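What follows is one structure encoded as structure tokens, with my remarks underneath.
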Amino acid sequence: MKILVNKKEYNLNIDPDMPLLWVLRDILYLTGTKYGCGIGVCKTCTVLIDGVPEQSCVVPVSYVENKEITTIEGLSADGNHPLQKAWFEKSVSQCGYCQPGFILQAAYLISKNPKPSLDDINRALSEHICRCGTYSKIREAILFATKE
Amino acid sequence: MDEKVFLSRRRFIFGTALTLTGVVSGFIFSDKALAELIILDEKEKVLGLTPSIWVEITKENKVVVTVARSEIGQGVRTTFAMIVAEELDADWNLVVAVNAEADSKYGNQATGGSTSVRNFWTTLRSAGAQARQLLINAASQIWGIPAENCYTSNSFVYERNGTRKLAYAELIDKAVQLPVPPANSVKLKSVSDFKILGKPQKNIDEPFFVTGKVTFGSDYRVEGMKYAVILRCPYIGGSLSSYDDTEAKKIKGVVGVYRLSEGIAVVADNSWLALKGRDALKVNWNRGPNANLTTDQIFDKFRSLVETFPNLSNETVKEIETIYEVPFLAHSTMEPMSAFANYKEGKCEIWAGTQNPQNARTTVASALGISENNVKVNVLHSGGGFGRRLNSDFVVIAAKIAKASGFPVLFFYTKADDIKNDYFRPASLHSIKAGINANGKPTGFFHRVISQGDVSYVNPHYSLPDVRNYTASHSFGVRTGPWRSVDYTQNIFVIESVIDELAHLAGKDPFQYRMDLTNDAKLKNVLRKVAENSKWGTELPKGWGRGISSFVGYGAYIAHVVEVSVSKEGFLKIQKIYAVVDPGFPVNPENIKNQIMGAGIDGLSTALNSEITIQNGQIQQSGFHNFRWLRIDEVPEFDIEILTTSDRPSGMGEVGFPSVTPALCNAIFDATGIRIRRLPIGKTPLLKVDEKENKSKDLEFNAYPNPFETKVTINIKTNDNKSSNLSVRIFDILGKLVFESKLSSDGTSYHTQLDFENLPSSVYYVVCEFNNQLHSFPILKKN
Ligand code: FES
Ligand code: FES
């Protein structure tokens with residue numbers, strides 16, 4: 001089976017039912033995608049599939065055949081995505097574990113809505129959990145990244 | 001030059017990691033690159049200057065700071081690097097932090113009690129100052145001028161009254177030949193000269209967090225490794241009776257099944273196969289002595305241990321005698337516990353997110369029956385800690401599996417495993433007796449703490465007369481352990497709630513009442529400032545309320561005001577939270593802000609929703625769906641003020657927790673007159689349902705059973721049963737719509753059965769609109 005992750009093609013000989021999360025983490029060693037709950041609840045494992053955020057823990061790898069996957073490692077070539085810069089500027093992370101999921105979800109949000117309001121941000125990220133409580137900083141960073 | 005020190009803390013026993021370890025540099029965003037990531041391993045030739053075990057100056061002009069406490073989200077890697085960099089006059093962008101491995105030469109490495117900065121403050125400052133003096137001495141010899149004629153700035157030594165300068169790296173060759181100036185010979189900076197400390201600094205790891213490059217405990221990978229999970233007995237105090245692993249072993253990619261004292265471990269080529277293998281095990285458990293245990297039984301036992309208090313002094317004119325109840329809590333870190341272990345020929349190497357590497361080393365050595373010298377524990381980033389990782393259970397399991405299987409393994413708990421096998425914050429019951437005299441002043445404060453798991457009492461931080469504390473405990477075998485701010489989590493909730501009760505009993509303003517109960521200028525100061533910032537005393541809209549509370553601990557002072565509203569339907573909204581914190585000296589204000597927000601959300605989340613419960617001898621919760629945490633759309637804005645009042649720092653990782661819950665509950669009282677004496681708040685309807693109102697001429701509501709376990713039947717009688725489309729909406733305590741249900745009519749009443757199977761136990765509000773009027777009725781899903 002062929003999958004395309006961060007513009008790189010991989011030829012894999014694996015069970016098509018294997019969740020994408022474990023393919024990324026244990027086979028491709030792309031450990032930037034995190035395991036939080038494994039049942040679609042916490043959203044920390046979020047990746048972009050053809051540009052759309054999905055939970056890699058509940059997506060079987062067969063589903064992504066011929067689709068383009070973007071993980072946090074591939075969001076930008078050099079860490080210069082406006083959100084990555086804003087996260088740095090606002091010093092958002094505490095433990096940092098949930099942040100890849102938030103950033104990818106936020107990247108999708110601003111791709112559809114380049115000037116999100118506070119409400120738009122809250123709505124778009126309302127299913128993601130940050131156990132450390134960085135929510136206020138996440139809001140600040142997205143607003144910072146999207147102001148002129 | 002002591003090259004070995006530097007090498008040894010980065011050396012791998014067996015080969016090299018495939019993923020990047022958390023060794024990162026300070027950095028600035030440039031259009032060029034994110035930053036360079038330094039990976040140091042044994043292949044790299046390190047020819048630097050190591051004046052102490054704490055700092056190294058490399059040939060590339062980097063300053064490498066060794067961090068001997070664990071990064072769990074409290075920002076210690078940044079803080080420690082800042083402290084050394086300040087005294088060393090290093091260019092902050094050239095500073096790198098590396099984690100120390102477990103070794104007694106670093107002193108106590110347990111990350112707990114908010115002690116890291118306080119314990120290492122002088123040590124790390126001296127280390128920076130010694131290195132700086134050594135570099136100055138080297139420059140003075142090279143230039144042939146007195147050391148007094150040299151000064152340092154941004155990783156350079158300059159000639160005073162001259163033009164010569166040398167980068168730190170250029171001084172290494174000379175400096176390695178000179179003696180390191182003793183710690184007592186170097187002068188530390190005065191606070192007014194600080195350039196890095198006391199100023200907001202960005203997290204040193206942020207560039208790597210946002211690009212997925214930080215290696216957390218669960219991210220460690222090496223060639224040929226396997227993945228392992230464990231099946232543990234779900235019964236508290238139960239044990240394994242028998243098991244059959246035939247089916248599990250048939251799964252291609254499952255490489256072994258091993259019986260350990262902790263349970264049955266399944267090792268496979270990847271995490272998914274390990275989980276599949278575990279699902280295929282057939283197991284019988286001995287349910288043990290607690291097979292029927294419930295949380296209710298535990299609290300019943302607590303109640304049976306309540307004893308009569310003595311009388312309060314005879315000037316007492318009014319008194320309260322009451323009970324507060326606080327539940328078990330899981331830590332529920334974002335990253336479930338995991339550890340990598342490799343065992344070969346009597347040697348074991350660990351890579352893990354642990355708060356207690358020295359303890360991990362000792363316990364792994366004794367579990368494997370090898371000497372501590374043959375155990376190497378390397379510390380990686382933790383996806384949250386909160387006290388959970390002070391216990392080394394998961395590290396020991398990893399080591400045992402590595403030894404049993406002969407493979408390098410990453411062992412991990414699933415989220416459900418992680419919650420069920422936690423060391424919970426103890427559950428406790430607090431019986432209280434307190435009174436006031438004719439002037440409203442307290443006459444005594446009696447407090448009995450009864451717990452499962454150790455909970456010490458805490459003396460109130462106000463000046464109260466006749467304070468008496470008692471403790472009792474009873475164990476049902478539920479494992480407990482430290483949880484962010486430990487005994488303060490329960491005690492401050494109780495103390496600050498009771499002070500509020502006394503203020504209301506005395507008819508006094510709760511802020512002024514507290515001010516009158518202390519002579520501590522710092523406490524008064526944070527209380528006054530938080531009252532000012534929150535405009536305490538000004539009028540709020542109808543249904544709103546404010547609560548105030550304070551805490552003194554970890555060398556710091558803090559006061560909180562929480563502002564809430566409770567709607568007609570009973571929906572609670574946390575409108576805003578104000579905090580004023582006095583850390584003494586704020587080492588990194590940006591990080592303090594993060595900690596106060598994070599601990600604040602812990603306080604709100606746990607107060608509102610969180611509870612670990614037991615039924616049939618088993619932990620009932622299994623994930624974020626039934627051990628809830630606040631989401632981004634549920635958290636208020638924070639207003640945080642950080643004071644500077646001395647030259648000495650205090651602990652900031654836990655201080656933001658204790659006074660949040662009571663401030664919230666005091667605000668709810670202010671808004672509704674309902675006093676929360678049992679956590680979580682979600683167990684108490686914030687709506688006083690009047691029986692008469694319930695049977696208003698328009699509509700009569702009935703829920704059966706109530707409280708209910710999973711299903712509840714709703715009956716509504718109206719004065720008009722002709723309209724056939726009555727529906728109800730079910731909301732959670734924060735007013736989030738949970739689901740909607742249409743009611744069917746039988747001619748005289750409407751009814752429906754609601755199913756709460758997958759929803760957490762809590763109060764819910766059944767809201768229906770009839771004749772243009774909203775009606776709200778609380779129902780309670782019990783455990
Ligand atoms: S790990 Fe996928 S949603 Fe939690
Ligand atoms: S930063 Fe730790 S879980 Fe979000």
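Residue check: A:TYR108 meets all listed conditions (1) within 11 Å of chain B (Cβ to nearest Cβ); (2) modelled with pLDDT of 95 or more but one, namely (1).
Whether a residue is closer than 25 Å to B:GLN595 by Cα and buried (at least 22 other Cβ atoms within 10 Å of the Cβ) was assessed, and B:VAL95 passes this test. Per the conditions (1) closer than 28 Å to B:PHE627 by Cα; (2) touching a residue at least 24 places away in the same chain (Cβ under 8 Å); (3) more than 16 Å from ligand 2 (Cβ to nearest atom), the sole criterion not satisfied by A:THR44 is (3).
Among the conditions (1) in a loop (DSSP other than H, G, I, E, B); (2) hydroxyl-bearing (Ser, Thr, Tyr); (3) more than 16 Å from ligand 2 (Cβ to nearest atom), A:SER111 misses just one, which is (1).
Does at least one position in the range A:110-125 carry a residue that is in contact (Cβ under 8 Å) with a residue 40 or more places away in the chain and within 16 Å of ligand 1 (Cβ to nearest atom)?
no
Evaluate the following for B:SER371: is it free of Cβ contacts under 8 Å to residues at least 12 places away in the same chain and among the hydroxyl-bearing types (Ser, Thr, Tyr)? Against the criterion (free of Cβ contacts under 8 Å to residues at least 12 places away in the same chain and among the hydroxyl-bearing types (Ser, Thr, Tyr)), B:SER371 qualifies. In the range A:1-27, of all residues being of a type in the set (A, V, I, L, M, F, W, C) and assigned to a helix (DSSP H, G or I), the one that is surrounded by the fewest Cβ atoms within 10 Å (Cβ to Cβ) corresponds to A:ILE27. Please determine, by comparing only the residues of the range A:126-148 that are within 10 Å of chain B (Cβ to nearest Cβ) and more than 16 Å from B:GLU637 (Cα to Cα), which one is surrounded by the fewest Cβ atoms within 10 Å (Cβ to Cβ). Only one residue tops the list, namely A:GLU127. Residues in the range B:212-252 that are within 14 Å of chain A (Cβ to nearest Cβ) and touching a Lys or Arg at 6+ places or on another chain (Cβ under 6 Å): B:VAL229, B:ILE251. The combined condition, being over 23 Å from B:LYS420 (Cβ atoms) and at pLDDT below 95, is not fulfilled by B:GLU206. Give B:ALA131, B:ALA102, B:ALA90, B:ALA147 a once-over and let me know the one that is among the aliphatic types (A, V, I, L, M), at pLDDT 95 or above and in contact with a Phe, Trp or Tyr (Cβ under 8 Å, 6 or more places away or on another chain). From the options B:ALA131, B:ALA102, B:ALA90, B:ALA147, the qualifying one is B:ALA90. The set of residues from the range A:5-54 being among the hydrophobic types (A, V, I, L, M, F, W, C) and within 9 Å of another protein chain (Cβ to nearest Cβ) comprises A:ILE14, A:MET18, A:LEU21, A:TRP22, A:VAL23, A:ILE27, A:LEU30, A:CYS37, A:ILE39, A:VAL41, A:CYS42.
Tally up the residues in the range A:70-103 that are within 16 Å of ligand 1 (Cβ to nearest atom), in contact with a helix residue (DSSP H, G or I) (Cβ under 8 Å, 6 or more places away or on another chain) and either part of a loop (DSSP other than H, G, I, E, B) or more than 15 Å from A:THR31 (Cα to Cα) (or both), please. Count: 4. The set of residues in the range A:86-105 that are under 12 Å from A:THR44 (Cβ atoms) and at the interface with chain B (Cβ under 7 Å from one of its Cβ atoms) comprises A:CYS95, A:GLY96, A:TYR97, A:CYS98, A:GLN99, A:PRO100, A:ILE103.
Applying a threshold of 8 Å to beta carbon distances and a minimum spacing of six or more residues, or different chains, the list of pairs starting in the range A:58-85 at a residue that is more than 8 Å from chain B (Cβ to nearest Cβ) and ending at one that is at pLDDT below 95 and in a loop (DSSP other than H, G, I, E, B) reads A:VAL61/A:MET1; A:VAL61/A:LEU12; A:VAL61/A:ILE14; A:SER62/A:MET1; A:GLU65/A:MET1.
Selection within the range A:37-63: residues that are surrounded by 22 or more Cβ atoms within 10 Å (Cβ to Cβ) and among the β-branched types (Val, Ile, Thr). The member of this set that is nearest to ligand 1 (Cβ to nearest atom) is A:THR44. For the range B:380-409, which residues satisfy the criterion of being β-branched (Val, Ile, Thr), closer than 27 Å to B:GLU654 by Cα and within 14 Å of chain A (Cβ to nearest Cβ)? Scanning the range B:380-409 gives no hits. Can you pull out every residue in the range B:642-661 that is touching a Lys or Arg at 6+ places or on another chain (Cβ under 6 Å) and among the acidic types (Asp, Glu)? Within the range B:642-661, B:GLU654 is the sole residue that qualifies.
The values are calculated or read from the model by the stated rules, or taken from the named source; none is laboratory data. These numbers come from a predicted model, not from an experiment. With ideal geometry, Cβ positions are generated from the backbone for all residues, glycine too; neighbour counts draw on all protein chains shown.
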